[in-house]
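The values are calculated or read from the model by the stated rules, or taken from the named source; none is laboratory data. Predicted, not measured: the structure shown is a model, and the values here were computed from it. When we count neighbours, we look across all protein chains shown, and the Cβ atoms used for this are built from the backbone with ideal geometry, even at glycine.
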Ligand SMILES: Nc1ncnc2c1ncn2[C@@H]1O[C@H](COP(=O)(O)OP(=O)(O)OP(=O)(O)O)[C@@H](O)[C@H]1O
Ligand SMILES: [Mg+2]
């Protein structure tokens, strides 16, 4: 496919309220040319509103929308050169696949030969060659979703907007479509904004993720940045599981930054070494998040930066790992630790009641903002 030159998309100080409801607080965000960014957040946080402002279905109360530096805030949706796919992908049921896909080209009254050629090429791209004469009800959910994608891409849009595009598919299909979508988006290098409330989907597909809550973008970063270095409690908990500790900042040996902190429900003070970049002033209250897969369970502390002695309270097998619940030294509260499942499946399982050390590296202690 010969696409147009990819263009960047910029939201500048954009906001939108509905009566008393602030659907989107003043937001500034730049999406680079050819980049796929996900808007990730819980129901009602303002994802669709943001997308609708970009599409032109919603007028922002403040701010501007720019594509390739050009202000399109006042432009009507059909003049914005956007491709769009929604959750229910609403194909026209009485039209063939060929007619569905070529709809935008026929509306634009392109020459017949060009319509045929572009329809053929885009159906090849979504791996549905020769499906032209079928009707939507003769296709699987995943195939229909690919038709919807083809229909949105056939007009060579400069921006692609996806609102929960895989939401209607079951888990397996969804996973293979994630790879498909990524392949197609990258082969066209089309600037894309995707809305999702599925963290795995966002991590799999995105160049960058914008994590939203209550009308605000809390953090924007690559999947590894938002997962490994969440800045707030909300981001740490929305992207996976986080063991949270609350305590006070102090200094350990060689003036290294250390917090003395507790897990909710426990009165055991745990010394938690944090990385230098997460240092706070002595005496400051801090919240620390530790991912369960960064913690190890073993018979001794192995010289780890952080360790405490615990007792196994329970465990469940999760396919790729076993999730252990362990208590803190005073026998109260609990921490979740993931241990990789062995390739043979016969790794020793720590029985309930066993004592073990929980340890992790200072670099995996993340100081997060508790308020957001
Ligand atoms: N047209 C409207 N009139 C009144 N309130 C609206 C309107 N559109 C959205 N809202 C409100 O704005 C907030 C954000 O809605 P939005 O649809 O952007 O959320 P979302 O993040 O897409 O949620 P979901 O994951 O459930 O689709 C919600 O509180 C919603 O009720
Ligand atoms: Mg929505």
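General observations
- Residue among 226, 246, 274, 193 that alone is crowded, with 18+ Cβ neighbours inside 10 Å and over 30 Å from residue 11 (Cα atoms): 274
- When we screen 83, 46 for residues that are more than 24 Å from residue 186 (Cβ to Cβ), touching a residue at least 12 places away in the same chain (Cβ under 8 Å) and buried (at least 18 other Cβ atoms within 10 Å of the Cβ), the only hit is 46.
- Of all residues in region 91-109, none satisfies being within 15 Å of ligand 1 (Cβ to nearest atom) and buried (at least 18 other Cβ atoms within 10 Å of the Cβ).
- Residues in region 187-231 that are within 9 Å of the chain's Cα centre (by Cα), within 16 Å of ligand 2 (Cβ to nearest atom) and not in a strand (DSSP E or B): 197, 198, 199, 201, 202.
- Screening residue 56 on (1) surrounded by fewer than 17 Cβ atoms within 10 Å (Cβ to Cβ); (2) modelled with pLDDT of 95 or more; (3) in contact with a helix residue (DSSP H, G or I) (Cβ under 6 Å, 6 or more places away or on another chain) shows it passes everything except condition (1).
- Scanning region 284-299 for residues that are in a loop (DSSP other than H, G, I, E, B), over 26 Å from the mean Cα position of the chain (by Cα) and closer than 20 Å to residue 232 by Cα turns up just one, 284.
- Leading residue by the ranking (surrounded by the most Cβ atoms within 10 Å (Cβ to Cβ)) among those in region 164-187 that are under 23 Å from residue 105 (Cβ atoms) and in contact with a strand residue (DSSP E or B) (Cβ under 7 Å, 6 or more places away or on another chain): 165
- Residue, surrounded by the most Cβ atoms within 10 Å (Cβ to Cβ), within region 25-40, restricted to residues that are within 16 Å of ligand 1 (Cβ to nearest atom) and over 23 Å from residue 149 (Cα atoms): 27
- Taken over region 132-141, the criterion of being surrounded by 14 or more Cβ atoms within 10 Å (Cβ to Cβ) and either more than 29 Å from the chain's Cα centre (by Cα) or more than 22 Å from residue 176 (Cβ to Cβ) (or both) is satisfied by 132, 134, 135, 136.
- Residue ID - nearest to residue 6 (Cα to Cα), chosen from residues in region 147-175 that are assigned to a helix (DSSP H, G or I) and in contact with a helix residue (DSSP H, G or I) (Cβ under 7 Å, 6 or more places away or on another chain): 153
Residue by residue, here is whether (1) within 23 Å of residue 234 (Cβ to Cβ); (2) assigned to a loop (DSSP other than H, G, I, E, B); (3) free of Cβ contacts under 8 Å to residues at least 40 places away in the same chain; (4) within 29 Å of the chain's Cα centre (by Cα) holds:
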| site | (1), (2), (3), (4) |
| --- | --- |
| 265 | yes, yes, no, no |
| 280 | yes, yes, no, yes |
| 301 | no, yes, no, no |
| 308 | no, no, no, no |
| 312 | no, no, no, no |
| 337 | yes, no, no, yes |
| 348 | no, yes, yes, no |
| 353 | no, yes, no, no |
| 367 | yes, no, no, yes |
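- Conditions (1) under 30 Å from residue 212 (Cβ atoms); (2) not in a strand (DSSP E or B): number failed by residue 249: (2)
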